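This report concerns only the one structure given below.
The values are calculated or read from the model by the stated rules, or taken from the named source; none is laboratory data. Here the structure is a predicted model, which is why all the values come from computation and not from measurement. Neighbour counts run over all protein chains shown; Cβ positions are idealised from the backbone, glycine included. Protein only, heavy atoms only, side chains kept; ligands, DNA and RNA dropped before computing areas. Shrake-Rupley method; radii C 1.70, N 1.55, O 1.52, S 1.80 Å.
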Amino acid sequence: METVLLRRPTLRILPSQYLTCSSSCNKNASNLCLVQRPLIFPVPRRRKRKLWYNENWLCKSRTIVLSSMDDSNDIFMDVDGNGDDIPSQRNQPSKSEENELMAAKRALSEVRSRLEVTEKERDQLLEELADSEVKQQENMANIALDKDLAIAELEAAKSLFNQKIQETVEEKFSLESKLVLAKEDAVELAVQVEKLAEIAFQQATAHILEDAQLRISAAETSAAEAAFHIEEQIRNAAEGTIMSIVEQSKDAIEKALDVAEKASDHAAKSATLFTDGSSPVDEIVSVQSENVRLQNIVNDLESQLLITRDDLNKLKVKLEQVHAQVKASEIRADDAEKALLELQESSRLKTAKQEEDIKNLVDKMKKDVAERKKAASKAFKAELESIKAAIDAAKETSCSRDHAYIRRCEALQRSLRAAEAASAMWRQRAETVGSLLLKNEGDEDAILIANGGRIDLLTDDDSQKWKLLSDGPRREIPLWMARRIGTIRPKFPPRKIDVSEALTSQFCPMESLKPDEVWSIAQAKPKEGDTLIEHVFEKETIEKKRKALERVLQRKTIKWQRTPEETKLEPGTGTGREIVFQGFNWESWRRKWYLELAPKAADLSQSGITAVWFPPPTQSVAPQGYMPSDLYNLNSAYGSEEELKHCIEEMHSQELLALGDVVLNHRCAQKQSPNGVWNIYGGKLAWGPEAIVCDDPNFQGRGNPSSGDIFHAAPNVDHSQEFVRRDIKEWLNWLRSDFGFDGWRLDFARGFSGTYVKEYVEASNPAFAIGEYWDSLAYEHGNLCYNQDAHRQRIVNWINATGGTSSAFDVTTKGILHSALLNQYWRLIDPQGKPTGVMGWWPSRAVTFLENHDTGSTQGHWPFPRDKLTQGYAYILTHPGTPVVFYDHFYDFGLRDIITELIEARRRAGIHCRSSIKIYHANNEGYVAHVGDTLTVKLGHFDWNPSKENNLDGSWQKFVDKGSDYQLWLRQ
C-alpha cells in the first residue's frame with residue numbers, strides 16, 4: 001500500500017447538534033446547510049503539534065490521514081508548516097514513520113468500522129422504509145375500505161333522505177288537498193248557513209208581513225167602504241134634495257106660468273072689457289089677489305129652500321164626521337205602517353245579529369283551519385329541519401371522513417418523504433466521508449474526524465459560534481406559518497436565544513416521525529385559522545348558497561330583477577311592468593288590517609307583484625274610508641299611523657310600491673252651519689262653505705259650479721279654489737314624505753276635471769296613479785252592445801284631460817269580459833283588429849281588472865262570473881296594460897298558484913303595458929292572440945296550437961295547459 005503525507009490547514013468540524021437549517025441558506029453563501037454537507041472554517045496554523053481528545057477520539061493537529069478504499073494503494077501526504085508540498089518516498093522508513101503509519105492504519109480501520117456501522121444503519125433504514133411502505137399500503141387499503149363504507153353509508157342516507165322527502169312531499173300535497181277541501185267545505189257551509197238564515201228570516205217575517213198587510217188592507221178597505229157609503233149617502237141626499245127642489249121649482253114655475261097665462265088672459269079679457277066699455281077695477285083687484293097668492297107661493301118656496309139648506313148643513317156635518325173617521329183610519333194605517341217598519345227594523349237587527357253570529361262562526365272555522373294549517377306546516381317544517389339536520393350530519397361525517405382520509409394520505413406521504421430524505425441524508429453523509437477521505441487539497445494542518453455517522457465542526461472563533469447559535473440562519477416566521485408547520489412537524493427545533501440552553505439542548509432534528517406520531521397528526525382535529533379549515537368552511541357556505549338557489553329555482557318564483565332601463569319611471573305608468581295587488585276588500589276594516597297585510601309582503605314579492613293598493617288611510621265617517629273628514633288624521637278603522645308606517649316599510653323592504661287610495665272629490669264636514677247644514681270643516685284644513693261647489697243641492701255651497709258629477713252623499717269639494725288645490729297638494733306631499741306612499745288611486749274621478757288631477761300628480765310626483773272613472777256601458781234590450789267605443793272614449797277623454805299623467809281603470813274591458821267568456825269571444829276584437837277596451841286604444845294607460853271592493857266582496861254590485869275567473873286572469877295577465885289582482889281571488893278563492901304561474905309567464909315573455917298584440921281568432925269557439933314577441937295565448941275549447949299558424953315562426957313550447965280554459969306557449 002502506497003502512503004503519501006500532505007500538509008494542509010488545520011480544520012475543525014462543528015458538532016452536528018449545533019447546526020441547523022433555515023431559509024436564509026440561500027441568501028448567504030458562507031452559511032452552508034449541514035443537512036447536505038459539513039461547514040468547514042479555516043483556523044490559524046499552529047507550529048506545534050499536539051494530540052487532543054474529543055469524545056474519546058484521538059486527534060492530532062495539522063495532520064490528516066487519507067486513505068483510499070483500495071488496500072493495495074495507501075497514500076500518505078505530509079504537509080509541512082511552510083506550506084510547501086514536498087512529496088517524500090522512502091524505501092526504508094524510520095521507526096517514527098512506521099509508528100505514524102501504524103496509527104494511520106488504525107485510524108483507517110476505525111474509519112472502515114465506522115463505515116460498516118454506517119452501512120448497517122443504512123440497511124436498517126432501508127428495512128424500516130420497506131416496512132413503512134408495507135404499512136402504508138395496508139393503511140391505504142384500510143382507508144379505501146373506510147371510504148367505500150362511508151360512500152355506502154352516504155348513499156343509504158341519501159336514499160333514506162329521498163324517501164323521506166318523497167313522503168313529506170306526498171304528505172304536504174295531501175295536507176294541502178285536505179286544507180283546500182276543508183276550506184271549500186267551510187265556504188259551502190257558510191253559503192248554506194246564509195241560505196238557511198235567509199230562508200228562516202223570510203219564513204219568520206212572512207207571516208208577520210202578511211198579517212200586517214192584511215190588517216192594513218182591511219183597515220184601508222173598511223175606511224174606503226165607510227167613505228164610499230158616506231159619499232153615497234151624501235150624494236143620494238144631495239141628489240134627492242136637489243131633485244125635490246128642482247121638482248118643486250118646476251111645479252112653482254109651471255104654476256107661475258099658469259098664473260101668468262091666466263093673468264094674461266085676464267088682462268086680455270080686461271082689455272076687451274075695457275075696450276068694450278066694462279070696468280077694469282075688478283080686473284085689477286083680481287090681478288092683485290093673484291099677485292098675493294103668487295107671493296105666498298114664493299114665500300113657501302123660500303121656506304122650503306131654508307129647510308133644504310138646513311138639511312145640506314146637516315149633511316155637511318155628517319160629511320165632516322166621515323172625513324174625521326177617514327182621517328182616524330189613516331192615522332191607524334200610519335200606526336200600522338210604523339209598527340210594520342219597527343217590526344222590519346227589529347227583524348233586520350235580528351238578521352244582522354244572526355249574520356254576525358254566522359260570520360263569527362265562519363271566522364272561527366277559518367281560524368281553526370288556519371291554526372290546523374299552521375300546526376301542520378309547523379310539523380312539516382320541523383320534520384324538514386330534522387331531515388336537514390340528518391343530512392347535514394351525514395354530510396359533516398362524510399366530509400370529516402374525507403378530510404381524515406386526505407390528512408392520513410398526506411401524513412403518510414410526509415412520512416415516506418421523511419424516510420426517503422433520511423435515507424438520502426445518510427447515503428450522502430457516507431459519500432461525503434468517502435470524498436473527504438479521498439480528497440487531496442489544502443495547504444494547512446487539519447484533522448478530519450468521523451463521529452458516529454455525523455460530522456462535527458469545532459471552531460475556535462467563539463464570536464461566530466455564538467452568533468450562529470443565538471441568531472442562527474433562521475428568521476422570524478409568522479404565527480400562521482408556525483401553526484401550519486406545527487401540524488406537519490410538531491418537533492421543529494425552537495429558536496435558541498441562550499448559549500447555555502443551546503449547549504444543554506437534547507433536540508435532535510434528524511429524527512424521523514414515528515408511526516404513532518404520524519397517525520396522531522392524521523387524526524388531529526382542524527384548528528381555526530388553518531387554510532384547510534377556511535377552505536372547508538368556504539366550500540360549505542358555497543354549497544348552502546347553491547342549494548338555496550336551487551330551491552328558489554324549483555319554486556319558479558324568482559324575484560324579478562329590475563334593470564336600469566326597466567326602472568325608468570314615466571308618469572302614470574310606473575315602470576311599465578307593474579302588477580298591482582289590491583290589498584283589501586269591503587270588510588277589511590273589521591280587523592287590524594295593516595298588521596295582517598304587512599307579513600304578506602314577502603309572499604307578494606316572490607309571486608311577482610310589484611305594487612300594493614292600500615285602503616283609504618284617513619279618518620272617515622264610514623269605516624271603509626270613503627267618507628273622509630280630517631285628512632291629516634290617519635288613525636282609521638284599518639289601524640293606527642304607526643301600523644300604517646310599519647306596513648309600508650315592509651312593502652318597501654320587498655321593493656313593492658305602496659299606492660294610497662285618496663278621496664279628493666268629496667269631504668265630510670265636522671260642524672253645522674247656523675242653518676243646520678253640515679258644511680263647516682274642522683282639523684288642520686278648516687274650510688267653509690266656499691270650499692263646496694254651489695250646484696250641490698244638499699250642502700249650500702258657495703263655491704263655483706262642479707267640473708264633474710255630483711256625489712250626493714257628501715259635500716263635493718270645489719277644486720277651482722286655489723286654497724283647496726294648495727291644501728290638497730301639501731297633503732299629498734305629506735303622505736309621500738312622512739308615510740312613504742309611492743302613488744295614488746283616485747276615488748270617484750268623475751266628480752272633478754282631469755286638469756286638476758294633472759296638477760296634483762305633477763306636484764306630488766307619484767310613481768304610479770290610477771283614476772276610477774266608472775260609468776255604465778251601452779246595453780240594448782238587456783244585452784250588452786258589441787260597440788262600446790263611446791264608453792271607452794269617455795275614459796280616454798278623462799286620461800287626456802290629465803295630460804296622460806294618470807292611468808285609469810279599464811272598466812270597458814271588464815264589462816266586455818263578463819259576456820265574452822260565455823262563448824262570445826268575438827266581443828274581444830274590434831273592427832280594426834284591436835282589443836275592444838281602453839287596452840285597444842291606449843294600453844299604457846289602461847289598468848285592467850276583474851273585480852274590486854265595490855264590484856265583488858260583500859257588496860257584489862257587479863261580480864265577475866266565478867267560474868270564469870281563471871280565464872279572466874289569463875286574459876289580463878298576458879295582455880298589454882297594467883293588470884290588477886284582487887285580494888279575495890289571491891288568498892280566499894285559492895287562485896294564488898294559478899295567478900303566480902300567469903305572472904311568471906308574463907315575466908318570462910317580457911310583457912309590459914305597451915307590448916304589441918295581434919289577434920288571430922275571435923269567434924264563438926275561442927280566442928287566440930300573439931302578445932309581444934314570445935307569448936301566444938288561447939282561450940276557449942277549440943283545437944289550436946302555434947304550428948297551425950303560418951305566421952308564427954320558430955319553436956314553441958307549451959308553458960301552461962288548462963285545457964278548455966286557456967293555454968299558453970312561449971317561443972324558445
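Listed values, structure above:
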| item | result |
| --- | --- |
| Residue within region 346-353 that is over 29 Å from ILE165 (Cα atoms) and under 40 Å from the mean Cα position of the chain (by Cα) present | yes |
| Count of region 832-856 residues which are part of a loop (DSSP other than H, G, I, E, B) and either among the aliphatic types (A, V, I, L, M) or closer than 16 Å to TRP613 by Cβ (or both) | 8 |
| All positions within region 624-668 that are under 20 Å from LYS684 (Cβ atoms) and hydroxyl-bearing (Ser, Thr, Tyr) | SER629, TYR632, SER636, SER640 |
| Options PRO599, PRO674, PRO697: the member that is part of a helix (DSSP H, G or I) and more than 24 Å from ILE770 (Cβ to Cβ) | PRO599 |
| Check on TRP798, in contact (Cβ under 8 Å) with a residue 12 or more places away in the chain, farther than 24 Å from GLU655 by Cα, of a type outside the set (Val, Ile, Thr) and assigned to a helix (DSSP H, G or I) | yes |
| Count of region 924-942 residues which are open to solvent by less than 10 Å² (accessible area, probe 1.4 Å) and under 11 Å from TYR966 (Cα atoms) | 8 |
| Lone unmet requirement of (1) surrounded by fewer than 20 Cβ atoms within 10 Å (Cβ to Cβ); (2) within 18 Å of LEU664 (Cα to Cα); (3) among the aliphatic types (A, V, I, L, M) for ALA749 | (1) |
| GLU690 being without any contact (Cβ under 8 Å) to a residue 40 or more places away in the chain, within 17 Å of SER806 (Cα to Cα) and assigned to a helix (DSSP H, G or I) | no |
